[in-house]
Amino acid sequence: GGPTRRDFLYLTTGIAGAVGAAAVAWPFVDQMRPDASTLALASIEVDVSSLEPGMSLTAKWRGKPVFIRNRTPEEVKAAADTPLSDLKDPVARNANLPAEAQATGTDRSAGEGKENWIVMIGSCTHLGCVPLGQAGEYNGWFCPCHGSVYDTAGRIRKGPAPENLPIPPHEFVSDGVVKIG
Ligand code: FES
């Protein structure tokens, strides 16, 4: 058989610094990685073809609500016209952006040609309540628990929540169907 856990720990104690830390972390990460069948189940496809501009629905993904909203041109413009300096959290929090843009990107829409669509995890970044849609001062979302106000791009504008509502990985697999996860 292979080395026992005791042997493994003994061996890694002899390796200096970062290399040792990485060697210890690896088996844990490997154990936590879901297999392919779990990942397949973890994505959902949502039919949004009946959502006219101004309408939204809430789907459920990995146990969390996901807000999908077809924004009106006015709502898209209101979000786009907001100077970044007005934002408490000027980072997109958009898992769809390429890795190099994750820390600095500002685009929160569903991408080119889909700027009207916004797909977000519906969990307030303060303490996790579910915000109400088409509500609040910016006609975005309003969290009734402690009064956090999000705009039409789901960005935090007022109240105790520290971050914008996060955007999960998603893509339109056809014009009316969005895949999440
Ligand atoms: Fe939303 Fe506190 S949980 S404001």
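Values in this text are rule-based calculations from the coordinates and carry no lab data. Please read all numbers here as calculations on a predicted model, not as lab measurements. Glycine also receives a Cβ, built like all others from the backbone with ideal geometry; neighbour counts cover every protein chain displayed.
A simple charge model with +1 on the Cβ of Lys and Arg, -1 on the Cβ of Asp and Glu and nothing else charged puts the dipole of region 41-180 at about 480 debye relative to its Cα centre. The alpha-carbon of K179 sits under 17 angstrom from the alpha-carbons of these lysines, leaving out residues fewer than 8 places away in its chain: K60, K64, K114. For region 146-181 versus region 55-111, the spacing of their alpha-carbon centroids is 5 Å.
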